[in-house]
2 protein chains.
Amino acid sequence: MSIRVVAENYVREDAVGDYLAIARELVEKTNELDRGCVSYQLARDLSDPLRFAVIEEWEDQASLDAHMKSEHFTRLIPELGKFGSGKPGGILVFERVY
Amino acid sequence: MSIRVVAENYVREDAVGDYLAIARELVEKTNELDRGCVSYQLARDLSDPLRFAVIEEWEDQASLDAHMKSEHFTRLIPELGKFGSGKPGGILVFERVY
């Protein structure tokens, strides 16, 4: 069964534009380049516009592991980290059941 | 852009089998019957086997609203609620950005 990831980030209000620009590159490169990527989307909380989540589906753990070693991941994730508001996000990793 | 939902539940250890049986019916009926359902999966936290999430994608808010009025949703969600461990879950509703 596939692996599902929900990675949440809280972004500073003044940094939302920069966050969205970098996150767009991450989403595009991941969907284009990463083998085993079923779906990789950026989403924004409808009740808190400073709360974002990357919602992911991977064919297996090996695909997710390779993604986290990719050039775009290792370059862009530290960039995105600079825009955080300080409120902790979180990464949940699930196995699909049904 | 589509609507993404992540609905988390903590389940009692002795009720996992029953929870999985009812959740399977909910996942199957939703995917078969609900218009505007892009994806509706049950997933289990790899680091906490009593933590589950329904991870959803809907074409729009109207599709999600109709799902929540469906016969299977209104019948099965209260059933699933009986298996909760008491630890609060949560429902996050996002708008897809990319």
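Computed from the coordinates by the stated procedures, all read-outs in this text should not be read as laboratory data. All values reported here derive from a predicted model rather than from experimental measurement. Reconstructed Cβ throughout: ideal geometry from the backbone, glycine too, with neighbour counts over all protein chains shown.
Points worth noting:
- Nearest-first distances (nm) between copies at A:R35, label 7 Å from Cα via Cβ: 4.2
- R0 of 22 Å, Cβ-Cβ distance A:K69-A:M1: FRET efficiency to nearest 0.05: 0.45
- Ignoring lysines fewer than eight residues from A:K29 along the same chain, the ones with Cα atoms less than 29 angstrom from its Cα are A:K69, A:K82, A:K87.
- Neighbouring Cβ atoms from other chains, within 10 Å of the Cβ of residues in B:37-45, number 5 on average.
- The value of relative contact order for chain B, using C-alpha pairs under 8 Å at least six residues apart, is 48 percent.
- Gain on full stretching of the segment that runs from A:A21 to A:L46 - 0.36 nm per residue minus C-alpha separation: 7.1 nm
- Prolate/oblate/rounded label for segment B:3-95 (Cα gyration tensor, a/c 1.5): prolate
- Overall form of the protein assembly as shown per C-alpha gyration tensor (a/c, 1.5; a/b vs b/c): prolate
- Principal-axis tilt of helix A:71-81 within chain A, Cα atoms, nearest 10 degrees: 30 degrees
- Acute angle (nearest 10 degrees) that the helix A:16-33 long axis makes with the longest principal axis of chain A, alpha-carbon atoms: 10 degrees
- The residue in chain A that lies nearest, by its beta carbon, to the axis linking chain A with chain B is given here with the distance in whole angstrom as A:V6, 3.
- Radius 10 Å from Cβ of B:S2, net charge of other residues (Lys, Arg +1; Asp, Glu -1): -3
- Under a Gaussian network description of chain B, with springs only between Cα atoms under 10 Å, the residue in B:G17, B:G36, B:G84 that fluctuates furthest is B:G17.
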